[in-house]
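Presented below is the structure to which this report refers.
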Amino acid sequence: MRYHIWTEGCQMNVADSSRLSRALDSIGLSVTSDVNQADLIILNTCVVRQSAEDRALGRLNSLKPLKLAKPNLMIGLMGCLIGVHGNPALEKRFPWVDIFAAPSDPEPFLRALEDRLQHDSSEAWRKQVDEVLDDEFGLRLEEAHAVSENLPIVLGCSHACAYCVIPGKRGKEQSRNPKKILQEAKSLVAGGARELVLLGQIVDRFGLELEGSYHLPQLLADLSEIPDLRRLRFLTSHPNWMSDELIDAVAVLPKVMPHIEVPIQAGDDEILRMMRRGYTNSQYRDLVARIRERIPGVSIGTDIIVGFPGESEVAFMKTYDTLAELKLDVAHLARYSPRPGTYSARFLADDVPAEEKMRRFRALEDLQKEVVGNLNAAYLDQSVPVLFEGKPKNRWRGRTPTNRLVFVETDQDLWGQELDVRIRWTGPWSLLGEIQDQV
Ligand code: SAH
(Lines give C-alpha, C1' and ligand atoms only; values in the text may rest on other atoms or scores of the structure.)
Protein backbone atom coordinates (compact mmCIF):
# COMPACT_ATOMS: atom_id res chain seq x y z
CA MET A 1 0.00 0.00 0.00
CA ARG A 2 1.39 3.41 -0.96
CA TYR A 3 0.84 6.83 0.57
CA HIS A 4 1.49 10.40 -0.53
CA ILE A 5 1.76 13.38 1.83
CA TRP A 6 1.31 17.01 0.77
CA THR A 7 2.47 19.49 3.40
CA GLU A 8 1.59 23.14 3.67
CA GLY A 9 2.83 25.63 6.28
CA CYS A 10 5.41 25.91 9.02
CA GLN A 11 8.26 23.67 10.16
CA MET A 12 5.98 22.23 12.82
CA ASN A 13 3.78 20.86 10.04
CA VAL A 14 6.85 19.50 8.26
CA ALA A 15 7.80 17.76 11.52
CA ASP A 16 4.26 16.39 11.92
CA SER A 17 4.35 15.01 8.37
CA SER A 18 7.70 13.29 9.04
CA ARG A 19 6.30 11.80 12.17
CA LEU A 20 3.24 10.46 10.36
CA SER A 21 5.44 9.21 7.57
CA ARG A 22 7.61 7.27 10.04
CA ALA A 23 4.50 5.80 11.63
CA LEU A 24 3.16 4.67 8.23
CA ASP A 25 6.55 3.26 7.17
CA SER A 26 6.79 1.27 10.37
CA ILE A 27 3.50 -0.51 9.68
CA GLY A 28 4.65 -1.47 6.21
CA LEU A 29 3.34 1.26 3.88
CA SER A 30 5.65 2.92 1.38
CA VAL A 31 5.83 6.52 0.29
CA THR A 32 5.25 7.70 -3.29
CA SER A 33 5.77 11.14 -4.79
CA ASP A 34 3.09 10.44 -7.41
CA VAL A 35 -0.45 11.20 -6.22
CA ASN A 36 -1.89 8.93 -8.91
CA GLN A 37 0.02 5.93 -7.56
CA ALA A 38 -1.12 6.43 -3.97
CA ASP A 39 -3.71 4.36 -2.11
CA LEU A 40 -3.72 6.92 0.68
CA ILE A 41 -3.38 10.66 0.08
CA ILE A 42 -2.81 12.96 3.03
CA LEU A 43 -3.09 16.73 3.02
CA ASN A 44 -1.35 18.35 5.99
CA THR A 45 -2.90 21.80 6.10
CA CYS A 46 -2.14 25.31 7.34
CA VAL A 47 -4.61 28.13 8.05
CA VAL A 48 -2.31 30.85 9.38
CA ARG A 49 -3.35 33.06 6.46
CA GLN A 50 -6.32 32.90 4.07
CA SER A 51 -3.98 32.10 1.16
CA ALA A 52 -2.72 28.93 2.87
CA GLU A 53 -6.27 27.85 3.66
CA ASP A 54 -7.32 28.50 0.05
CA ARG A 55 -4.48 26.31 -1.22
CA ALA A 56 -5.54 23.47 1.08
CA LEU A 57 -9.19 23.74 -0.02
CA GLY A 58 -8.12 23.89 -3.67
CA ARG A 59 -6.10 20.69 -3.25
CA LEU A 60 -8.95 19.05 -1.47
CA ASN A 61 -11.40 19.89 -4.26
CA SER A 62 -8.94 18.66 -6.87
CA LEU A 63 -8.95 15.22 -5.23
CA LYS A 64 -12.70 14.69 -5.63
CA PRO A 65 -12.55 13.36 -9.24
CA LEU A 66 -9.70 11.04 -8.24
CA LYS A 67 -11.76 9.63 -5.41
CA LEU A 68 -14.76 9.15 -7.73
CA ALA A 69 -12.56 7.29 -10.21
CA LYS A 70 -10.91 5.20 -7.49
CA PRO A 71 -13.43 4.50 -4.72
CA ASN A 72 -10.83 2.51 -2.75
CA LEU A 73 -8.54 5.49 -2.50
CA MET A 74 -8.31 6.81 1.06
CA ILE A 75 -8.08 10.55 1.56
CA GLY A 76 -6.88 12.01 4.84
CA LEU A 77 -6.91 15.56 6.06
CA MET A 78 -4.78 16.73 8.96
CA GLY A 79 -3.32 19.84 10.53
CA CYS A 80 -4.61 23.26 11.40
CA LEU A 81 -7.61 23.22 9.04
CA ILE A 82 -8.99 20.75 11.55
CA GLY A 83 -7.37 21.90 14.80
CA VAL A 84 -7.18 20.17 18.17
CA HIS A 85 -10.88 20.58 18.84
CA GLY A 86 -12.02 19.01 15.55
CA ASN A 87 -14.06 20.63 12.80
CA PRO A 88 -17.35 18.76 12.15
CA ALA A 89 -18.41 21.24 9.44
CA LEU A 90 -15.54 19.98 7.27
CA GLU A 91 -16.83 16.40 7.39
CA LYS A 92 -20.13 17.56 5.91
CA ARG A 93 -18.50 19.78 3.35
CA PHE A 94 -15.99 17.20 2.11
CA PRO A 95 -17.70 13.81 2.15
CA TRP A 96 -14.92 12.33 -0.01
CA VAL A 97 -12.45 12.67 2.85
CA ASP A 98 -12.13 9.43 4.86
CA ILE A 99 -9.85 10.50 7.71
CA PHE A 100 -9.70 13.68 9.79
CA ALA A 101 -6.75 14.21 12.15
CA ALA A 102 -5.70 17.03 14.47
CA PRO A 103 -2.21 18.57 14.17
CA SER A 104 0.57 16.22 15.42
CA ASP A 105 -1.80 13.25 15.69
CA PRO A 106 -1.15 10.18 13.52
CA GLU A 107 -3.63 7.99 15.41
CA PRO A 108 -6.73 8.45 13.17
CA PHE A 109 -4.65 7.27 10.17
CA LEU A 110 -3.41 4.18 11.92
CA ARG A 111 -6.88 3.33 13.20
CA ALA A 112 -8.44 3.83 9.76
CA LEU A 113 -5.79 1.61 8.18
CA GLU A 114 -6.44 -0.99 10.81
CA ASP A 115 -10.11 -1.02 9.80
CA ARG A 116 -9.37 -0.96 6.09
CA LEU A 117 -6.87 -3.79 6.23
CA GLN A 118 -8.82 -5.83 8.74
CA HIS A 119 -9.38 -8.79 6.43
CA ASP A 120 -5.65 -9.51 6.28
CA SER A 121 -4.51 -7.82 9.47
CA SER A 122 -3.03 -10.09 12.08
CA GLU A 123 -2.69 -9.72 15.84
CA ALA A 124 0.96 -8.88 15.27
CA TRP A 125 0.09 -6.03 12.95
CA ARG A 126 -2.35 -4.59 15.43
CA LYS A 127 0.23 -4.85 18.21
CA GLN A 128 2.61 -2.95 16.03
CA VAL A 129 0.11 -0.13 15.53
CA ASP A 130 -0.27 0.12 19.30
CA GLU A 131 3.50 0.23 19.72
CA VAL A 132 3.85 2.99 17.16
CA LEU A 133 1.20 5.02 18.97
CA ASP A 134 2.82 4.48 22.37
CA ASP A 135 6.12 5.77 21.12
CA GLU A 136 5.47 9.50 20.83
CA PHE A 137 7.51 10.24 17.75
CA GLY A 138 7.89 6.75 16.38
CA LEU A 139 11.64 7.13 15.92
CA ARG A 140 13.77 4.07 15.58
CA LEU A 141 17.52 3.85 15.70
CA GLU A 142 18.07 2.15 12.37
CA GLU A 143 16.16 4.76 10.36
CA ALA A 144 17.81 7.10 7.88
CA HIS A 145 17.32 10.79 8.60
CA ALA A 146 17.99 14.03 6.80
CA VAL A 147 21.15 16.00 7.68
CA SER A 148 18.99 18.71 9.25
CA GLU A 149 15.96 17.49 11.17
CA ASN A 150 13.19 19.39 12.96
CA LEU A 151 12.51 18.41 16.55
CA PRO A 152 9.39 19.86 18.23
CA ILE A 153 10.03 20.72 21.88
CA VAL A 154 7.07 23.00 22.67
CA LEU A 155 3.64 22.06 21.32
CA GLY A 156 0.72 24.51 21.07
CA CYS A 157 0.79 28.12 22.20
CA SER A 158 -0.92 30.10 24.96
CA HIS A 159 0.13 33.62 24.05
CA ALA A 160 -2.90 34.79 22.00
CA CYS A 161 -1.45 37.46 19.71
CA ALA A 162 -4.51 39.34 18.43
CA TYR A 163 -4.11 38.14 14.81
CA CYS A 164 -3.03 34.56 15.33
CA VAL A 165 -5.13 31.46 14.86
CA ILE A 166 -2.47 28.99 16.02
CA PRO A 167 -3.37 28.85 19.75
CA GLY A 168 -6.94 27.86 18.83
CA LYS A 169 -5.73 25.28 16.32
CA ARG A 170 -2.81 23.68 18.14
CA GLY A 171 -4.08 23.96 21.70
CA LYS A 172 -2.41 25.26 24.80
CA GLU A 173 1.31 25.43 25.30
CA GLN A 174 2.93 22.23 26.40
CA SER A 175 6.65 21.65 26.74
CA ARG A 176 7.67 18.14 25.90
CA ASN A 177 9.49 15.90 28.33
CA PRO A 178 13.27 16.59 28.20
CA LYS A 179 14.10 12.89 28.48
CA LYS A 180 11.94 12.13 25.43
CA ILE A 181 13.52 14.99 23.52
CA LEU A 182 17.04 13.75 24.31
CA GLN A 183 16.09 10.22 23.35
CA GLU A 184 14.64 11.39 20.04
CA ALA A 185 17.62 13.61 19.36
CA LYS A 186 19.94 10.62 19.83
CA SER A 187 17.83 8.51 17.46
CA LEU A 188 17.85 11.25 14.83
CA VAL A 189 21.63 11.62 15.09
CA ALA A 190 22.15 7.85 15.04
CA GLY A 191 20.15 7.86 11.79
CA GLY A 192 22.42 10.43 10.17
CA ALA A 193 21.10 13.83 11.30
CA ARG A 194 23.92 16.30 11.97
CA GLU A 195 21.80 19.36 12.75
CA LEU A 196 18.69 19.60 14.90
CA VAL A 197 16.26 22.50 14.70
CA LEU A 198 14.26 22.70 17.93
CA LEU A 199 10.73 23.92 17.27
CA GLY A 200 8.07 25.74 19.22
CA GLN A 201 5.65 28.60 18.59
CA ILE A 202 7.45 30.37 21.43
CA VAL A 203 10.46 28.11 21.71
CA ASP A 204 12.26 30.25 24.29
CA ARG A 205 9.43 29.46 26.71
CA PHE A 206 10.50 25.80 26.79
CA GLY A 207 9.96 24.45 30.31
CA LEU A 208 8.69 27.76 31.71
CA GLU A 209 5.12 26.54 32.21
CA LEU A 210 6.41 23.58 34.20
CA GLU A 211 7.78 23.49 37.71
CA GLY A 212 11.53 23.32 38.06
CA SER A 213 14.39 25.02 36.34
CA TYR A 214 15.01 22.90 33.26
CA HIS A 215 14.76 25.44 30.47
CA LEU A 216 16.10 25.95 26.95
CA PRO A 217 19.71 26.77 27.98
CA GLN A 218 19.95 23.46 29.87
CA LEU A 219 18.38 21.54 27.01
CA LEU A 220 20.85 23.07 24.54
CA ALA A 221 23.73 22.13 26.85
CA ASP A 222 22.50 18.54 27.21
CA LEU A 223 21.87 18.10 23.49
CA SER A 224 25.37 19.46 22.80
CA GLU A 225 26.77 16.34 24.50
CA ILE A 226 25.58 14.08 21.66
CA PRO A 227 28.92 13.27 19.98
CA ASP A 228 27.96 13.15 16.29
CA LEU A 229 25.62 16.13 16.47
CA ARG A 230 27.33 19.17 14.97
CA ARG A 231 24.74 21.93 14.99
CA LEU A 232 21.74 23.09 16.95
CA ARG A 233 19.24 25.83 16.15
CA PHE A 234 15.92 26.78 17.72
CA LEU A 235 12.92 28.75 16.51
CA THR A 236 10.77 30.79 16.92
CA SER A 237 11.61 32.98 19.92
CA HIS A 238 9.41 35.68 21.43
CA PRO A 239 11.31 38.85 22.45
CA ASN A 240 9.94 38.79 26.00
CA TRP A 241 11.40 35.38 26.80
CA MET A 242 14.89 35.84 25.34
CA SER A 243 16.79 35.81 28.62
CA ASP A 244 20.44 36.75 28.98
CA GLU A 245 21.01 33.19 30.11
CA LEU A 246 19.66 31.90 26.79
CA ILE A 247 21.66 34.41 24.76
CA ASP A 248 24.79 33.42 26.70
CA ALA A 249 24.08 29.74 26.08
CA VAL A 250 24.07 30.46 22.33
CA ALA A 251 27.30 32.43 22.70
CA VAL A 252 29.11 29.81 24.77
CA LEU A 253 27.96 26.45 23.41
CA PRO A 254 29.94 25.78 20.22
CA LYS A 255 27.30 23.55 18.65
CA VAL A 256 24.53 26.12 19.03
CA MET A 257 24.62 28.23 15.87
CA PRO A 258 24.75 32.05 16.06
CA HIS A 259 21.27 32.35 14.64
CA ILE A 260 18.20 33.76 16.40
CA GLU A 261 14.69 34.00 14.94
CA VAL A 262 12.85 36.62 16.95
CA PRO A 263 9.90 38.37 15.29
CA ILE A 264 9.12 42.06 15.80
CA GLN A 265 5.86 41.89 13.69
CA ALA A 266 5.49 45.70 13.55
CA GLY A 267 7.55 48.80 14.28
CA ASP A 268 4.83 51.04 15.70
CA ASP A 269 4.10 50.87 19.44
CA GLU A 270 0.35 51.34 19.10
CA ILE A 271 0.14 48.57 16.49
CA LEU A 272 2.27 46.33 18.70
CA ARG A 273 -0.12 47.01 21.57
CA MET A 274 -3.15 46.21 19.41
CA MET A 275 -1.38 43.04 18.27
CA ARG A 276 -0.94 42.16 21.96
CA ARG A 277 2.70 41.41 21.47
CA GLY A 278 3.79 42.66 24.88
CA TYR A 279 6.85 44.80 23.98
CA THR A 280 7.67 48.14 22.37
CA ASN A 281 9.84 49.05 19.43
CA SER A 282 12.61 50.33 21.68
CA GLN A 283 12.53 47.16 23.80
CA TYR A 284 12.93 45.11 20.63
CA ARG A 285 15.84 47.26 19.49
CA ASP A 286 17.50 46.88 22.90
CA LEU A 287 17.10 43.13 22.58
CA VAL A 288 18.77 43.12 19.15
CA ALA A 289 21.63 45.19 20.60
CA ARG A 290 21.97 42.77 23.52
CA ILE A 291 22.03 39.75 21.22
CA ARG A 292 24.61 41.35 18.92
CA GLU A 293 26.81 42.38 21.82
CA ARG A 294 26.87 38.92 23.35
CA ILE A 295 26.95 36.75 20.21
CA PRO A 296 29.52 38.09 17.74
CA GLY A 297 28.61 37.54 14.09
CA VAL A 298 25.06 36.52 15.00
CA SER A 299 22.37 36.31 12.35
CA ILE A 300 18.94 37.60 13.38
CA GLY A 301 15.69 36.77 11.63
CA THR A 302 12.34 38.46 12.13
CA ASP A 303 8.70 38.17 11.05
CA ILE A 304 6.65 41.17 9.94
CA ILE A 305 2.94 41.62 9.29
CA VAL A 306 2.00 44.61 7.13
CA GLY A 307 -1.52 46.07 6.99
CA PHE A 308 -2.68 45.13 10.48
CA PRO A 309 -5.98 46.96 11.31
CA GLY A 310 -5.34 50.63 11.88
CA GLU A 311 -1.82 50.62 10.41
CA SER A 312 -1.41 54.12 8.96
CA GLU A 313 1.32 55.13 6.56
CA VAL A 314 3.18 56.71 9.48
CA ALA A 315 2.88 53.51 11.51
CA PHE A 316 4.07 51.43 8.55
CA MET A 317 7.08 53.70 8.08
CA LYS A 318 8.14 52.89 11.65
CA THR A 319 8.40 49.25 10.59
CA TYR A 320 10.28 50.27 7.45
CA ASP A 321 12.69 52.54 9.31
CA THR A 322 13.30 49.95 12.01
CA LEU A 323 14.22 47.31 9.43
CA ALA A 324 16.38 49.82 7.56
CA GLU A 325 18.21 50.67 10.77
CA LEU A 326 18.58 47.18 12.25
CA LYS A 327 19.65 45.48 9.00
CA LEU A 328 18.40 42.05 10.08
CA ASP A 329 19.56 38.97 8.19
CA VAL A 330 16.10 37.64 7.34
CA ALA A 331 12.60 39.11 7.37
CA HIS A 332 9.67 36.77 6.78
CA LEU A 333 7.02 39.11 5.42
CA ALA A 334 3.24 38.63 5.52
CA ARG A 335 0.19 40.70 4.65
CA TYR A 336 -2.41 40.78 7.42
CA SER A 337 -5.15 38.23 6.90
CA PRO A 338 -8.10 38.17 9.33
CA ARG A 339 -8.53 34.67 10.72
CA PRO A 340 -11.90 33.51 12.08
CA GLY A 341 -12.11 33.45 15.85
CA THR A 342 -9.07 35.66 16.49
CA TYR A 343 -9.36 38.85 18.50
CA SER A 344 -8.47 41.11 15.58
CA ALA A 345 -10.90 39.42 13.17
CA ARG A 346 -13.71 39.82 15.70
CA PHE A 347 -13.09 43.31 16.95
CA LEU A 348 -10.89 45.24 14.50
CA ALA A 349 -11.84 46.30 10.97
CA ASP A 350 -9.51 44.99 8.25
CA ASP A 351 -9.15 48.55 7.00
CA VAL A 352 -5.93 48.57 4.98
CA PRO A 353 -6.88 47.92 1.33
CA ALA A 354 -5.37 44.87 -0.37
CA GLU A 355 -3.34 46.99 -2.86
CA GLU A 356 -1.90 49.01 -0.02
CA LYS A 357 -0.91 45.86 1.88
CA MET A 358 0.81 44.68 -1.29
CA ARG A 359 2.62 48.01 -1.73
CA ARG A 360 3.93 47.90 1.85
CA PHE A 361 4.92 44.24 1.43
CA ARG A 362 6.86 45.08 -1.76
CA ALA A 363 8.53 48.08 -0.13
CA LEU A 364 9.87 45.87 2.67
CA GLU A 365 10.81 43.15 0.21
CA ASP A 366 12.90 45.63 -1.81
CA LEU A 367 14.49 47.01 1.34
CA GLN A 368 15.41 43.54 2.64
CA LYS A 369 16.80 42.51 -0.73
CA GLU A 370 19.22 45.39 -0.57
CA VAL A 371 20.06 44.92 3.13
CA VAL A 372 20.68 41.18 2.78
CA GLY A 373 22.52 41.65 -0.52
CA ASN A 374 24.95 43.98 1.26
CA LEU A 375 25.31 41.70 4.30
CA ASN A 376 26.01 38.76 2.01
CA ALA A 377 28.57 40.70 -0.01
CA ALA A 378 30.76 40.72 3.11
CA TYR A 379 31.13 36.93 2.67
CA LEU A 380 32.98 37.35 -0.64
CA ASP A 381 36.39 35.59 -0.54
CA GLN A 382 35.81 34.59 3.09
CA SER A 383 36.12 31.01 4.25
CA VAL A 384 33.09 29.66 6.16
CA PRO A 385 32.21 26.24 7.58
CA VAL A 386 29.29 24.79 5.62
CA LEU A 387 27.21 21.77 6.62
CA PHE A 388 26.06 20.02 3.44
CA GLU A 389 22.49 18.73 3.30
CA GLY A 390 21.97 17.38 -0.18
CA LYS A 391 22.30 17.82 -3.90
CA PRO A 392 18.89 18.94 -5.17
CA LYS A 393 20.06 19.55 -8.74
CA ASN A 394 23.62 19.59 -9.99
CA ARG A 395 25.05 21.49 -7.02
CA TRP A 396 25.56 20.58 -3.39
CA ARG A 397 23.54 22.67 -0.99
CA GLY A 398 24.60 23.55 2.54
CA ARG A 399 24.33 26.23 5.18
CA THR A 400 26.68 28.54 7.03
CA PRO A 401 26.42 28.81 10.84
CA THR A 402 24.33 31.95 10.19
CA ASN A 403 21.92 29.82 8.11
CA ARG A 404 22.85 31.25 4.71
CA LEU A 405 22.41 28.92 1.76
CA VAL A 406 25.64 27.97 0.01
CA PHE A 407 25.94 26.06 -3.26
CA VAL A 408 29.05 24.22 -4.36
CA GLU A 409 29.66 22.49 -7.66
CA THR A 410 31.57 19.26 -7.18
CA ASP A 411 31.38 15.55 -7.94
CA GLN A 412 32.46 14.65 -4.41
CA ASP A 413 29.94 13.23 -1.99
CA LEU A 414 29.48 15.91 0.67
CA TRP A 415 26.43 14.48 2.42
CA GLY A 416 26.40 15.39 6.11
CA GLN A 417 29.92 16.84 6.03
CA GLU A 418 30.92 20.17 7.50
CA LEU A 419 33.68 21.68 5.39
CA ASP A 420 35.33 25.06 4.96
CA VAL A 421 34.12 26.79 1.82
CA ARG A 422 35.69 29.79 0.12
CA ILE A 423 32.86 32.06 -1.05
CA ARG A 424 33.27 33.14 -4.70
CA TRP A 425 29.91 34.78 -5.48
CA THR A 426 27.20 36.36 -3.34
CA GLY A 427 23.59 37.35 -4.00
CA PRO A 428 20.72 38.31 -1.69
CA TRP A 429 19.37 34.76 -1.37
CA SER A 430 22.40 32.52 -1.67
CA LEU A 431 26.19 32.21 -1.92
CA LEU A 432 28.40 30.14 -4.24
CA GLY A 433 31.74 28.76 -3.22
CA GLU A 434 34.39 26.09 -3.50
CA ILE A 435 35.64 23.53 -1.00
CA GLN A 436 38.81 24.42 0.89
CA ASP A 437 39.36 21.15 2.71
CA GLN A 438 40.57 17.93 1.20
CA VAL A 439 37.72 15.42 1.37
N1 SAH B 1 4.62 31.46 16.85
C2 SAH B 1 5.53 31.95 15.90
C3 SAH B 1 5.07 31.73 14.48
C4 SAH B 1 3.66 32.07 14.14
S5 SAH B 1 3.11 31.89 12.47
C6 SAH B 1 5.74 33.41 16.19
O7 SAH B 1 5.14 33.95 17.10
O8 SAH B 1 6.56 34.00 15.55
C9 SAH B 1 4.36 32.64 11.53
C10 SAH B 1 4.14 34.05 11.19
O11 SAH B 1 2.96 34.23 10.43
C12 SAH B 1 3.95 34.99 12.36
O13 SAH B 1 5.15 35.30 12.97
C14 SAH B 1 3.29 36.18 11.71
O15 SAH B 1 4.24 37.08 11.20
C16 SAH B 1 2.51 35.55 10.57
N17 SAH B 1 1.07 35.55 10.86
C18 SAH B 1 0.42 34.95 11.86
N19 SAH B 1 -0.90 35.21 11.79
C20 SAH B 1 -1.09 36.01 10.73
C21 SAH B 1 -2.23 36.63 10.14
N22 SAH B 1 -3.44 36.51 10.66
N23 SAH B 1 -2.04 37.38 9.02
C24 SAH B 1 -0.82 37.54 8.49
N25 SAH B 1 0.29 36.98 9.01
C26 SAH B 1 0.16 36.22 10.10
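Residue pairs, Cβ under 9 Å, 6 or more apart or interchain, first in region 288-314 and within 10 Å of Ile260 (Cβ to Cβ), second basic (Lys, Arg). List them.
Matching pairs, first to second residue: Val298/Arg292; Ser299/Arg404; Ile300/Arg292.
When you scan region 11-70 for helices (runs of 4 or more DSSP H) that lie fully inside it, which ones turn up with 3 or more residues that are open to solvent by less than 10 Å² (accessible area, probe 1.4 Å) and free of Cβ contacts under 8 Å to residues at least 60 places away in the same chain?
Ranges flagged: 50-62.
Among the residues of region 260-282, are any within 26 Å of Glu184 (Cβ to Cβ), within 15 Å of the ligand (Cβ to nearest atom), open to solvent by less than 10 Å² (accessible area, probe 1.4 Å) and not in a strand (DSSP E or B)?
Yes, that holds for at least one residue.
Which condition from (1) open to solvent by 60 Å² or more (accessible area, probe 1.4 Å); (2) in contact with a Gly (Cβ under 8 Å, 6 or more places away or on another chain); (3) not in a strand (DSSP E or B) is the one that Gly416 breaks?
The failed condition is (1).
Of all residues in region 419-434, which are open to solvent by 40 Å² or more (accessible area, probe 1.4 Å) and more than 21 Å from Ile260 (Cα to Cα)?
Asp420, Arg422, Arg424, Trp425, Leu432, Glu434
What residue, among those in region 191-214 that are in contact with an Asp or Glu (Cβ under 8 Å, 6 or more places away or on another chain) and more than 16 Å from the ligand (Cβ to nearest atom), is farthest from Met242 (Cα to Cα)?
Checked region 191-214; the qualifying residue farthest from Met242 (Cα to Cα) is Gly191.
Quick check on region 83-94. Is at least one of its residues away from the ligand (no atom under 16 Å from the Cβ), surrounded by 14 or more Cβ atoms within 10 Å (Cβ to Cβ) and within 28 Å of Arg335 (Cα to Cα)?
Yes: one or more hits.
Any idea which residue in region 247-259 is nearest to Ile300 (Cα to Cα), counting only those that are touching a residue at least 24 places away in the same chain (Cβ under 8 Å) and open to solvent by 20 Å² or more (accessible area, probe 1.4 Å)? If you could, list the steps in order and put the result at the bottom.
From region 247-259, those touching a residue at least 24 places away in the same chain (Cβ under 8 Å) are 247-251, 253-259; that's our starting set.
Those still in the list that are open to solvent by 20 Å² or more (accessible area, probe 1.4 Å) too: 248, 251, 253-255, 258.
Working: Asp248: 15, Ala251: 14, Leu253: 18, Pro254: 18, Lys255: 17, Pro258: 8 Å.
Residue satisfying both the conditions and the ranking: Pro258.
Under 6 Å by Cβ, and 6 or more places apart or on different chains, what pairs join a residue from region 158-178 that is in contact (Cβ under 8 Å) with a residue 60 or more places away in the chain and within 18 Å of Asp303 (Cβ to Cβ) with one that is open to solvent by 30 Å² or more (accessible area, probe 1.4 Å) and more than 10 Å from the ligand (Cβ to nearest atom)?
Close Cβ pairs satisfying both conditions: Cys161/Arg276; Ala162/Arg276; Ala162/Tyr343.
Residue by residue, here is whether (1) among the aliphatic types (A, V, I, L, M); (2) in the same structural domain as Arg170 (by TED's automatic domain parsing); (3) under 30 Å from Ala251 (Cα atoms) holds:
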| position | (1), (2), (3) |
| --- | --- |
| Arg290 | no, no, yes |
| Gly297 | no, no, yes |
| Val306 | yes, no, no |
| Tyr320 | no, no, yes |
| Gln368 | no, no, yes |
| Val371 | yes, no, yes |
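Determine whether region 255-278 contains at least one residue that is modelled with pLDDT of 95 or more, among the basic types (Lys, Arg), out of contact with any strand residue (DSSP E or B) (no Cβ under 9 Å at 6 or more places or on another chain) and within 28 Å of Thr319 (Cα to Cα). Write out each step before concluding.
Filtering region 255-278 for residues modelled with pLDDT of 95 or more gives 255-278.
Filter once more, so that each one left must be among the basic types (Lys, Arg): 255, 273, 276-277.
With the extra rule that they be out of contact with any strand residue (DSSP E or B) (no Cβ under 9 Å at 6 or more places or on another chain), the set shrinks to 273, 276.
After this cut, where a residue has to be within 28 Å of Thr319 (Cα to Cα) as well, the list is 273, 276.
Yes, region 255-278 contains a residue that is modelled with pLDDT of 95 or more, among the basic types (Lys, Arg), out of contact with any strand residue (DSSP E or B) (no Cβ under 9 Å at 6 or more places or on another chain) and within 28 Å of Thr319 (Cα to Cα).
Say whether the condition of being aliphatic (A, V, I, L, M) and touching an Asp or Glu at 6+ places or on another chain (Cβ under 7 Å) is met by at least one residue in region 49-61. I'd like the intermediate steps shown before the answer.
First, pick out the residues of region 49-61 that are aliphatic (A, V, I, L, M): 52, 56-57, 60.
Of the ones still in play, those that are also touching an Asp or Glu at 6+ places or on another chain (Cβ under 7 Å) are 52, 56.
Yes, there is a match, as at least one residue in region 49-61 is aliphatic (A, V, I, L, M) and touching an Asp or Glu at 6+ places or on another chain (Cβ under 7 Å).
Just give me the residues in region 195-217 being of a type in the set (Ser, Thr, Tyr) and either modelled with pLDDT of 95 or more or surrounded by 23 or more Cβ atoms within 10 Å (Cβ to Cβ) (or both), in sequence order.
Answer for region 195-217, where residues must be of a type in the set (Ser, Thr, Tyr) and either modelled with pLDDT of 95 or more or surrounded by 23 or more Cβ atoms within 10 Å (Cβ to Cβ) (or both): just Tyr214.
Can you tell me which residue among Glu356, Glu389 is surrounded by fewer than 17 Cβ atoms within 10 Å (Cβ to Cβ), outside any loop (DSSP other than H, G, I, E, B) and at pLDDT 95 or above? So that I can check it myself, show each step before the final result.
Working: Glu389 fails: surrounded by fewer than 17 Cβ atoms within 10 Å (Cβ to Cβ).
Every option except Glu356 fails the conditions.
So which residues in region 326-353 are over 25 Å from the mean Cα position of the chain (by Cα), open to solvent by 50 Å² or more (accessible area, probe 1.4 Å) and either within 13 Å of the ligand (Cβ to nearest atom) or in contact (Cβ under 8 Å) with a residue 24 or more places away in the chain (or both)?
Answer for region 326-353, where residues must be over 25 Å from the mean Cα position of the chain (by Cα), open to solvent by 50 Å² or more (accessible area, probe 1.4 Å) and either within 13 Å of the ligand (Cβ to nearest atom) or in contact (Cβ under 8 Å) with a residue 24 or more places away in the chain (or both): Arg346, Ala349, Asp350, Asp351.
The values are calculated or read from the model by the stated rules, or taken from the named source; none is laboratory data. Just so it is clear, the structure is predicted and the values come from calculations on it, not from any experiment. Here Cβ is always computed from backbone atoms with ideal geometry, including for glycine, and neighbour counts include all displayed protein chains. Keep in mind that these areas ignore ligands, DNA and RNA; they rest on the heavy atoms of the full protein, side chains included. Shrake-Rupley method; radii C 1.70, N 1.55, O 1.52, S 1.80 Å.
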